[in-house]
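A short write-up of the structure that comes next.
The values are calculated or read from the model by the stated rules, or taken from the named source; none is laboratory data. Since the structure is predicted, the reported quantities are computational estimates derived from the model, not experimental observations. Here Cβ is always computed from backbone atoms with ideal geometry, including for glycine, and neighbour counts include all displayed protein chains. SASA here: full protein model, heavy atoms, side chains in, ligands and nucleic acids out. Shrake-Rupley method; radii C 1.70, N 1.55, O 1.52, S 1.80 Å.
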Amino acid sequence: MSILRIQNLTKVYSKGVFGGKFRALNDLNLEVEEGEIFGFLGPNGAGKTTTIKILLRIIFPTSGQAWLLNKPLGELSELHKIGYMPENPYFYRFLTGQEFVMFYAKLIGLNHEDARKKVDRLLDIVGLSYAKKTRVGEYSKGMVTRIGLAQSLVTDPTLLLLDEPMSGLDPIGRREIRDLIVQLKEQKKTIFFCSHILADVEMLCDRVAILNKGELIKLGTVQELLSSGPAKYIVSFDNLPLEALPELQTIADSHQDISGIHHFTVNNPEEAHKIAELAMAKNANLIEFRPERGTLEDYFVREVGTHE
Amino acid sequence: MNKIWTIALNTYKEAVRNKIFYIIAVFALVLLAFSLILATLALGEDDRIIKHVGLSAINIFGLLMAAFVGVNLVYEELEKRTVYTIIASGASRSQFLLGKFLGLFMTVAANVLIMGLLLSALVIFWPQSNLSALLIMAIYMFLFEMMMVCAIAILFSSFSTPVLSAVLTFMCWMIGHMSEDLLEWARRLAEQGSAGLAKFLTVIYYFLPNLEIYNLKNQVVYHEDIGSIFYHVMVYPVYAIIYSAILLIIAILSFSRRDFK
């Protein structure tokens, strides 16, 4: 079942009185299924945050419609089932972590006792119980992200909108947030996830959409997108006689000699087999023969590049 | 109402923990202490000087707090995108704005009341001075002036930048204290035969906030008669509440269809 449906969504901004128009989002159509982690990708200015803002009614669409949890936008009560974490969150610095999450718990109408229980549980989930009495202004970037995630979970949402949750985090912080997102998926939550960090998207997301200049340019599972790109093959040898090298180099697209191990990269399996046969005929030891799938980053750069 | 109150309390907590709050409070205390020095220098004028400087300090710092904290409140929430999370939690834009106003007014009122208590203590314990009912009335009236200034600051910050909002708020405050002069000017113009211009100025007078009615400083210092107690206790406060409500309705209308950046 679709938890989020976007139909012909367009947002046009006016650039001052004589500045003309800027189309931030153009005729976007999208559906997000219940329980999936959906990656929403695109370069800066692609329209990702604009889409999230429209979904939260922070800005209003020029045309088009969207349904959250099968209800048209604007039905306030439905927002109670949505969690949102903004990009580079800069929260109330003078509140303690506990007070900060309490604020949101009370905002959704919980009484003091229930709010306190919920907040303690959420701080435990995001691993911030030890810092609940510390002011948010003294938190590290990773801790701010985690408290942001706790805040977004206060409504016990079925749909979580995360805008660049890994932005500015070190590898350990990214790993922690990634693990938390996986845990949330296990709890049957749907996660709509904007990110620039494509390695994380590749690891986490079931499906991705790529947006560029306000338009949807690709939509599919990570597997589908990557298998649609050109494949590469890596063939590696040791004990390769030097006289065999020139012939192999003419066939291969690239060659690297790392500590006596020769790695050849080609674009098709026929060439890979040919290199393997020639080298082995010269008594080289074949130590690796594998297809190499491009990364999501390669795919993203290629796709966005072709639409420039 | 619960959401408005939650946002108001949060705004109050944030504001009173902000360094600006303490800086303004410390400056006000320094000024109160300064009034004591002046009082010892001006023989026989202790009472007037302490009350004049004390009430001026409360006025100035109350105004500074209402304007500077007020104009930044909404802007900062938009800049730091915390307003997004508040709206995502189910609060409406009007609840957000009313909560911000209430939180701001609570902060300013706390500041005014603390300074008012200190000034009251000062005049009680200073040998040549005394606590008059008029001084308490002046502080009470000033709270309603601050209510209007907070509403003005929130109105401007709902559609403008902090700097412009601060300038406009100060301008409104100044005009608010001079609006009686506008009426006097209109009267003179009418006498000179410029009936059209006089009418125009009279209409403007009724649109502008009349803040001078909340200024009882001279009456406190020179023990002057303030006129109708009923007006001061009931009518002027009700005027402040209605005027602030109208400003907030305009602010909500401007804010509710606005695209946040």
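Couple of notes before you dig in:
- Strands (runs of 3 or more DSSP E) within the stretch A:7-115 that include 3 or more residues modelled with pLDDT of 90 or more, more than 10 Å from chain B (Cβ to nearest Cβ) and within 23 Å of B:S254 (Cα to Cα): none
- Total residues in the stretch A:230-270, condition in contact (Cβ under 8 Å) with a residue 60 or more places away in the chain and open to solvent by less than 50 Å² (accessible area, probe 1.4 Å): 1
- All positions within the stretch B:13-60 that are hydroxyl-bearing (S, T, Y) and buried (at least 19 other Cβ atoms within 10 Å of the Cβ): B:S35
- Candidate set: the stretch B:234-261, residues that are open to solvent by 60 Å² or more (accessible area, probe 1.4 Å) and more than 17 Å from the chain's Cα centre (by Cα); chosen: the one farthest from B:A88 (Cα to Cα): B:M234
- Every pair of residues 6+ apart whose Cβ atoms lie under 9 Å, when the first sits in the stretch A:279-304 and is within 21 Å of A:A244 (Cβ to Cβ) while the second is of a type in the set (D, E, K, R) and not in a strand (DSSP E or B): A:K282/A:E243
- Boolean, A:G294 is closer than 30 Å to A:L219 by Cβ, modelled with pLDDT under 85 and in contact with a strand residue (DSSP E or B) (Cβ under 8 Å, 6 or more places away or on another chain): yes
- Taken over the stretch B:64-85, the criterion of being over 18 Å from B:A251 (Cα atoms), open to solvent by 10 Å² or more (accessible area, probe 1.4 Å) and under 12 Å from the mean Cα position of the chain (by Cα) is satisfied by B:L64 alone.
- Residues in the stretch A:45-69 that are open to solvent by 30 Å² or more (accessible area, probe 1.4 Å) and in contact (Cβ under 8 Å) with a residue 40 or more places away in the chain: A:G45, A:T49, A:P61, A:T62, A:S63, A:G64, A:Q65, A:W67, A:L69.
- Residue that is least open to solvent (accessible area, probe 1.4 Å) [pool: residues in the stretch A:103-135 that are touching a strand residue (DSSP E or B) at 6+ places or on another chain (Cβ under 9 Å) and not β-branched (V, I, T)]: A:A131
- The residue that is farthest from the chain's Cα centre (by Cα), among those in the stretch B:88-107 that are open to solvent by 10 Å² or more (accessible area, probe 1.4 Å) and within 12 Å of another protein chain (Cβ to nearest Cβ), is B:S92.
- Check on B:G227, outside any helix (DSSP H, G or I) and out of contact with any Asp or Glu (no Cβ under 8 Å at 6 or more places or on another chain): yes
- B:L118 modelled with pLDDT of 85 or more, in a helix (DSSP H, G or I) and more than 18 Å from B:L63 (Cβ to Cβ): no
- For beta carbons closer than 6 Å, sequence separation of 6+ or different chains, a first residue in the stretch A:147-161 that is in contact (Cβ under 8 Å) with a residue 12 or more places away in the chain and a second that is open to solvent by 10 Å² or more (accessible area, probe 1.4 Å) and part of a helix (DSSP H, G or I), the qualifying pairs are A:T155/A:H80; A:P157/A:K81; A:T158/A:K81.
- Of everything listed in (1) surrounded by 24 or more Cβ atoms within 10 Å (Cβ to Cβ); (2) in contact (Cβ under 8 Å) with a residue 60 or more places away in the chain; (3) under 23 Å from B:T11 (Cα atoms), the single unmet condition for A:F40 is (3).
- The stretch B:206-224: number of residues that are part of a helix (DSSP H, G or I), open to solvent by less than 40 Å² (accessible area, probe 1.4 Å) and modelled with pLDDT of 85 or more: 2
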